[in-house]
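Novice: Sharing a structure, written as structure tokens. Questions coming.
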Amino acid sequence: MNAFFVDIKTRFAELEKRERTALFSLAGFLIVVIFYIAVWSPIQSFVIDSQLDYNRHLKLLGYFKSTESEAKAASGDSSEKTADGRSLLTTVSRMAQSVGVSPSRMQPEGGDAVSVWFDSVTFSQLMLLLERLESGKGIVVRQISIDRRDQPGLVSARVVLRN
């Protein structure tokens, strides 16, 4: 390796001044091209992509802010809320009857939640009830506890639902 550099040094020294200047110019040009390709171009494309993402997210934020009142109004209409939770009890009770499930006990849990106990209910009917409560009335499961019964397909459950 050392001999290689000695050979190159010797050849460089044998060149005329004009040829050495041209070689230095070519080396400088190659360094600038490599810097542009390896450093400047990736940084520039990253900056441009970041600006496009920023503008896209800014537009999305503007859209969200413009539809904020509509979304709040829609979310307020989808659930029936009262201070004492009676409307939630009524809604859960009616939906359970429509699915063919009868809760063994129901108890309010504050203003926006209710605990419901089921003894010996089929699992599929329980899941159907929970799905209809969520999709139709906006009532979601806060907590659930399901125990298997001796008969296949039957479960006992305690479900805490909230608006």
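The values are calculated or read from the model by the stated rules, or taken from the named source; none is laboratory data. The structure displayed is predicted, hence computed values, not measured ones. Neighbour counts are summed over all protein chains in view; Cβ atoms, including those assigned to glycine, are modelled from backbone coordinates with ideal geometry. Each accessible area value is taken on the protein alone, full model and side chains, heavy atoms only, with ligands, DNA and RNA left out. Shrake-Rupley method; radii C 1.70, N 1.55, O 1.52, S 1.80 Å.
Novice: Those residues that are loosely packed, with under 13 Cβ neighbours inside 10 Å and in contact (Cβ under 8 Å) with a residue 24 or more places away in the chain, I need them from segment 126-140; list them, please.
Specialist: Result: Gly136, single match.
Novice: Ser120 passes all but one of (1) surrounded by fewer than 15 Cβ atoms within 10 Å (Cβ to Cβ); (2) closer than 14 Å to Arg158 by Cβ; (3) out of contact with any Leu (no Cβ under 9 Å at 6 or more places or on another chain); which number fails?
Specialist: Of (1) surrounded by fewer than 15 Cβ atoms within 10 Å (Cβ to Cβ); (2) closer than 14 Å to Arg158 by Cβ; (3) out of contact with any Leu (no Cβ under 9 Å at 6 or more places or on another chain), only one is false for Ser120: (3).
Novice: Counting just the residues of segment 146-157 that are under 16 Å from Gly100 (Cα atoms) and in contact with a helix residue (DSSP H, G or I) (Cβ under 9 Å, 6 or more places away or on another chain), which one comes out most open to solvent (accessible area, probe 1.4 Å)?
Specialist: Gly153
Novice: Something else: Would you mention how many residues in segment 1-52 are open to solvent by 70 Å² or more (accessible area, probe 1.4 Å) and either of a type in the set (Asp, Glu) or not in a helix (DSSP H, G or I) (or both)?
Specialist: Residues meeting the conditions: 6.
Novice: Could you identify the single residue in Gln107, Gln143 that is more than 16 Å from Ser87 (Cα to Cα), free of Cβ contacts under 8 Å to residues at least 24 places away in the same chain and surrounded by fewer than 15 Cβ atoms within 10 Å (Cβ to Cβ)?
Specialist: Sole residue among the options that is more than 16 Å from Ser87 (Cα to Cα), free of Cβ contacts under 8 Å to residues at least 24 places away in the same chain and surrounded by fewer than 15 Cβ atoms within 10 Å (Cβ to Cβ): Gln143.
Novice: Looking at this structure, is Ser102 over 30 Å from Ser156 (Cα atoms), open to solvent by 70 Å² or more (accessible area, probe 1.4 Å) and either at pLDDT below 90 or assigned to a loop (DSSP other than H, G, I, E, B) (or both)? Working first, answer last.
Specialist: Details: over 30 Å from Ser156 (Cα atoms): no; open to solvent by 70 Å² or more (accessible area, probe 1.4 Å): yes; either at pLDDT below 90 or assigned to a loop (DSSP other than H, G, I, E, B) (or both): yes.
No; evaluated as a whole, the condition is false for this residue.
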